[in-house]
Amino acid sequence: MYKIDIDNTIAQQPFDGLQIEKLAKTESMEILSISLAKDAIFPKHTSPKDAHLVVLEGSIDFHIENQSVTLLPQQHFGFSKEVEHWVKALADAKFLIIR
């Protein structure tokens, strides 16, 4: 019988400033769970790979190349590697980075 492992990392991740948890990593892909408390900032950084951001709950402003986009639950945004960006939580928020 196939063993099924349920992981509750996302549900248990607190809203306490910026929290980052690695959910999965293979040679070709990585999934990060990000938790940002309201008004917290994920400071300027770049991604080593093209990435996709999926909002699970809350709302965020995603800032990239002098543009800002507000993202809400169940919205998705893709962005290119090595482009500087930063994120601010408009409400307690959780989102996934898939790269």
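The values are calculated or read from the model by the stated rules, or taken from the named source; none is laboratory data. What you see is a predicted model, and the numbers here were worked out from it, not measured in a lab. Here the Cβ positions follow ideal geometry from the backbone for every residue, glycine too, while neighbour counts run over all protein chains shown. Each accessible area value is taken on the protein alone, full model and side chains, heavy atoms only, with ligands, DNA and RNA left out. Shrake-Rupley method; radii C 1.70, N 1.55, O 1.52, S 1.80 Å.
Observations on the model:
- Among the residues making up the range 2-39, a single one is basic (Lys, Arg) and exposed (fewer than 10 other Cβ atoms within 10 Å of the Cβ): 3.
- Output for the range 58-99, where each listed residue is in a strand (DSSP E or B), surrounded by fewer than 15 Cβ atoms within 10 Å (Cβ to Cβ) and among the aliphatic types (A, V, I, L, M): 69
- For the range 24-53, a residue qualifies if it is of a type in the set (A, V, I, L, M, F, W, C) and more than 28 Å from residue 65 (Cα to Cα), and exactly one does: 24.
- Qualifying residue in the range 40-52 (condition: aliphatic (A, V, I, L, M), open to solvent by 40 Å² or more (accessible area, probe 1.4 Å) and assigned to a loop (DSSP other than H, G, I, E, B)): no
- Once the range 1-39 is narrowed to residues that are among the hydroxyl-bearing types (Ser, Thr, Tyr) and assigned to a strand (DSSP E or B), the residue that is farthest from residue 92 (Cα to Cα) is 33.
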